[in-house]
Amino acid sequence: MISLLLLSVSPGINAPEVESLIIAGLEYAYVEQFDSARIYFDDVIARSPANPAGYFLKAALVQLKMMDECQFTEEDEYYGLMREAIKRAEVLIAEENSVWAKYYLANAYTYQAVYKGFRKE
C-alpha cells in the first residue's frame, strides 16, 4: 500500500532515524498490527512535526484499519491527519520545493479519493 521503494532512493526530508521509524511502522502495518504501527508513526510525528510523513502514514494506517474492519469510527481522526499532512506538505513545497513533500501531498489526495470511493461518496 505504501511504497518502500522511495525510501530506499533518498531520505530527503526524512532524517535517518525518522526513516528507520517509518520502515518499522510500515512493517507492522503490512501484517495488520495496527497498534504497533501507530506507535512508530506517532514517534515520527513527535520527532519531526514539520514533516508530512508521520501524519500521512498514520492517516493511511487509520484508513487501512477502517477499510479492513469495515468500521468507520475513526473518520474524524483520519481526515484531521490528512489535513495536517497536506498543510505540512504545502509549507515544505513553498519553502523548498521538496519532492518528498510533493509525494506526500499527492498521496494524501489519492488516499482520500480511494477512501471516498470505497465509502461511495
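The values are calculated or read from the model by the stated rules, or taken from the named source; none is laboratory data. Only a predicted model underlies this, so the values are computations on that prediction, with no experimental measurement involved. Heads up: the accessible areas ignore ligands, DNA and RNA and are worked out on the full protein's heavy atoms, side chains in. Shrake-Rupley method; radii C 1.70, N 1.55, O 1.52, S 1.80 Å.
Values computed for the structure shown
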item: Candidates Asn14, Asn97, Asn107, ranked by Gaussian network fluctuation over the chain, Cα under 10 Å, top entry; result: Asn97
item: Normalised contact order of the chain, rounded percent, pairs of Cα under 8 Å and 6 or more residues apart; result: 20 percent
item: Cα gyration tensor shape of the chain, rounded if a/c is under 1.5, else prolate or oblate by comparing a/b with b/c; result: oblate
item: Amide H contacts under 5 Å for Ile13, placed H, 5+ residues apart; result: Trp100
item: Calculated from backbone phi, Karplus (6.51, -1.76, 1.60) coupling profile of the range 60-75 in Hz, x at Gly/Pro; result: 4, 5, 4, 4, 4, 5, 4, 5, 5, 8, 6, 10, 10, 6, 9, 4
item: Residue-normalised accessible area of the chain, given per residue in Å² at a 1.4 Å probe; result: 52 Å²
item: Surface share of carbon and sulfur [accessible, 1.4 angstrom probe, percent] for the chain; result: 56 percent
item: Gaussian network model of the chain, Cα within-10 Å springs - most flexible of Arg88, Arg38, Arg47; result: Arg47
item: Residue-averaged [θ]222 nm for the chain, counting only DSSP H segments that reach four residues, each worth -39500 (n - 2.57); result: -25500 deg cm²/dmol
item: Choice from Ala37, Ala94, Ala29 with maximal GNM fluctuation in the chain (Cα, 10 Å cutoff); result: Ala94
item: HN-Hα J in Hz across the range 23-28 - Karplus 6.51, -1.76, 1.60, θ = phi - 60°, x for Gly and Pro; result: 4, 4, x, 5, 4, 5
